[in-house]
Each structure stands twice: as C-alpha cells, then as structure tokens.
1. If you work out P(r) over Cα pairs in 20 Å bins from 0, in percent from the coordinates, which of (i) 23, 38, 25, 12, 3, 0; (ii) 17, 31, 24, 17, 8, 3, 0; (iii) 24, 56, 19, 1 do you get?
2. Under 10 Å, Cα contacts only: if you run a Gaussian network model on the chain, which one of E79, E52, E218 comes out with the highest mean-square fluctuation?
3. Per-residue accessible area for F128 at 1.4 Å probe radius, Å² rounded to 10?
4. Compare H393, H199, H180 in a GNM of the chain, Cα atoms joined below 10 Å, and give the one with the largest fluctuation.
5. Which of the three applies to the range 217-429, rounded, prolate or oblate, going by the alpha-carbon gyration tensor with a ≥ b ≥ c and a/c under 1.5 meaning rounded?
6. Please report the accessible area of R309 (heavy atoms, 1.4 Å probe, ligands and nucleic acids excluded) in Å², nearest 10.
7. Heavy atoms only, probe 1.4 angstrom, no DNA, RNA or ligands counted: give me D420, D399 ranked by accessible area, highest first.
8. Whenever you get a sec, line up F160, F285 from highest to lowest accessible area (probe 1.4 Å, protein heavy atoms).
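The values are calculated or read from the model by the stated rules, or taken from the named source; none is laboratory data. The structure presented is a predicted model; accordingly, all values stated were derived computationally and were not measured. In this analysis, Cβ positions are derived from the backbone assuming ideal geometry, glycine residues included, and neighbour counts consider all displayed protein chains. Accessible surface areas use protein heavy atoms only, side chains included; no ligands, DNA or RNA. Shrake-Rupley method; radii C 1.70, N 1.55, O 1.52, S 1.80 Å.
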Amino acid sequence: ELKEIVFVIQSQSNSFHSKRAEDLKRDILEQAVDLGKELPTVLLIHQIDRHEGAWTILPLMRDFSVTYGRNSSWIFFCEEDTRIQVIKLLETLRRFDKSKEWFLGKALYDEESTIIHHYAFAENPTVFKFPDFAAGWALSIPLVNKLAKKLRSEPLKSDFTIDLKHEIALYIWQKGEGPHLTPVPEFCTDDMNSYKVDHCATTFSNFLPLCGEPVNKEDVFVAVKTCRKFHGDRIPVVKQTWEREAALIEYYSDFTDISIPTIDLGVPNTDRGHCGKTFAILERFLNHTSLRTPWLVVVDDDTLISIFRLRKLLSCYDPNEPVFLGERYGYGLGTGGYSYITGGGGMVFSRTAVQKLLASKCRCYSMDAPDDMVLGMCFSGLGIPITHSPLFHQARPMDYPKDYLSHQIPVSFHKHWNIDPVKVYFTWLAPNTEESHNGKKVAYNREDL
C-alpha cells in the first residue's frame, strides 16, 4: 500500500531548492489523494536537521529504522527534480518481496577506474553498480533495519564523502556480504516528455535551471588562482576557451606577469592548500571591486567552466542570501564534521556570503590549509548551508559514467590530465555544441571524451 512507502526527498535549505522540494512533496500527496489512497509519509532531508550530515543519508538509518521499521515496507529516495508516477511506482515495488533485503535503483557503473571512487574495482570497474539518484532509489525496510543495526555497532569510519551514490552502494554491499544494487528499468532519467517514458515510474527534468533572465555578465566577477609555474601552459587554455565569456576576470598569482596580466597578492605559492590566497581574493573582492557585483566565482587555472551557463543557473538564486554554491563534499559527517564546496569545480559566492564570512573571526589555521575545507568549516560555524549543484565537477568528463552525464547540462569540469582541455571545453561547455574556434566550426564527439 502507498502508506507503507516513506518518500525521502534529497532537499536543500536554500530557498530555490526548498521550494522545488516542497512542490514535489505536494505533487506526491496530490497523486495519493487522486488515487483515493491513504497519504504516505514524505520527508525533506534538509528539515531533518539533527545531523549536519543528513544529506549523506546513512546517518539517518537508525532514525528511519526506529520510526518506520514496524509499519512501513520501503524507503524511497529521490532528488527534487525527480518526477514520480505514484501508481507506477506502487506497481513496480509490488514485484519485490518486501520481507527481503532489497536495494533498488537505476544502475550506473564506471567504464574505467577513477580517482573520485579511489580507483575501486580497478581490475574491472564495470562489475560494481551504484544508483543514479536522479531516477530515485529504494531500500526495503529489512535492509534499513540491518544497516541501522550495523551502524549501532560500527559507526561510520570514512573521513570524506566525495561521491555519495557510490559510497552508499559500497556500504550496503559490505565487501560482497550485503546486497548488490538491483537494476529497475522503471526507474528512469529520461525527460518526462520523451517518447521512451511510457513504462517509467520515475522521470527526471533534464535541463539547466533558468528562473528568468540570465544574470548580467557584469554581475559575475571571476577570480582565477594560478602561480608562475603554470602561466605558460594552463593560462593559454583559459584564454582559448572560456575567458571571452567573462566580463570581469582577474588572475591571481605569486608573480606579476603583465602579458596575462596577473596580480601578485603578496601570498607565496604553496604546494598544498591555498587558504591564504583564497582569503586574500575574498578581501579584494569585498574591498576593491564594485559594490554592485553580486557574485564571485573562484576557480583554479585548470578549471574548465561555462560562465554562460553559470549566469543562467544564478538566475535561480537570490544574491541577498548568503549563497555558497558548487559541488558538495563532506568531511567527518558520520561524527559531526562539516560540508564544503570542492574547489576544483569552482566555488560561487554571493557578496552577502563573503560579507558574513569576513565579518566573522573565522580564518585560515595556516596559509597552506585547504581553502575549500576551511571555507566549509567557517560557513558551517556561521550556520550558512552549502548549496550543492551536480552541474559542477571536480574531475574530468571521463571520470563520470556516461549515463550520469547524459541528463546534465554541465557548468564545469576540472583537471587537464591526459586530455585535450580545449577539446573538452568545446565539446561539453561551449555556449553551442558546435562553436566557432579560430574561425573554424568544430564539433567533437562526447563519446571520445
């Protein structure tokens, strides 16, 4: 029965995201009423605020077991943009014996071992399947109870949360002793208007959010972190690709090079983290740029980014709110800890967020501390939530499953290792997939990248 399903929407507290999650909750409940069914429970993750790490889901298993372990059959998880045909979801779940341990979803897998999964299953990465959250995924209550019991006796050990969907699948798999993900063809990521979706219980809104006119070019200030040793190879890539999209851009280095030009902030380059440099950039943004510039983007010199798409995305956010946006990672979230925006994919700040941060006493504990993690710690202490977007990427396109990227319009990728970064930019990020480059039309095949 529908009342035996607990829906959990992987929501966020930012006003744009929380409204989308509330809209999805209302849609689920309205479908239940139309079907004449008893209303199911619908939870929004960001409202379960007993845990800083609620978004990592595993810390919630004990609560789910205690609260729903007796009267429910399934916990069904989905993203705010997942669309659910409730009657088809019911029909799909009825195929599975609810007294058994089930882990259901749309299966993703790595084509080759990748750094974001710590090179897991290096000999044959295709054997390990993990769920595409966009399609929705489900755990039977017997499995939830088993996980809760394990968590009571063995607290979560992992320090870092990097790719949650892979890490949850690994935890459930228990080195081969737990269930594998069972692929469910009715869990789909096709757009709801596609001809393919007749059999689907779930679909996914496949688009780049746009909430009005894109923000003006002059409303986005771009700060590129670089250093002398990379002026010759990385900066030319920026200039060949996305620099033309930015109206306001500065390059910050440990050396003044007027040909680029770079600005020496007086902060020596470090081999490890760049906390000192990043905080100097934040101070400069607040004190030396136009008061009217509402958005700051901080990127590495080997970040590939679409400022054109970012301006569309930012139309959905209120710069008067303290917004800290990008790809979210977690540190120590099983035992408290904090979330942070990983730097390589690009970190986006509203001016309000920078003002609140610098008004606080939170600063680098050393000049070479990891800037992204220190920022996460500071914002967590200030009660300012991290806002996650899966459209920012800390790694290269080939580091992600093709099926995962197929329902995205990405904003960024990172790293130049073993790739042609100019090709990657014009294939994945240029304003048009066919883009004029050096006066010639070029079109690349994503399959090759």
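1. (iii)
2. Between E79, E52, E218, it is E218 that shows the largest mean-square fluctuation.
3. Accessible area of F128: about 10 Å².
4. H199
5. Rounded.
6. Approximately 20 Å² of R309 is accessible to the 1.4 Å probe.
7. Final ranking, largest accessible area leading: D420, D399.
8. F160, F285
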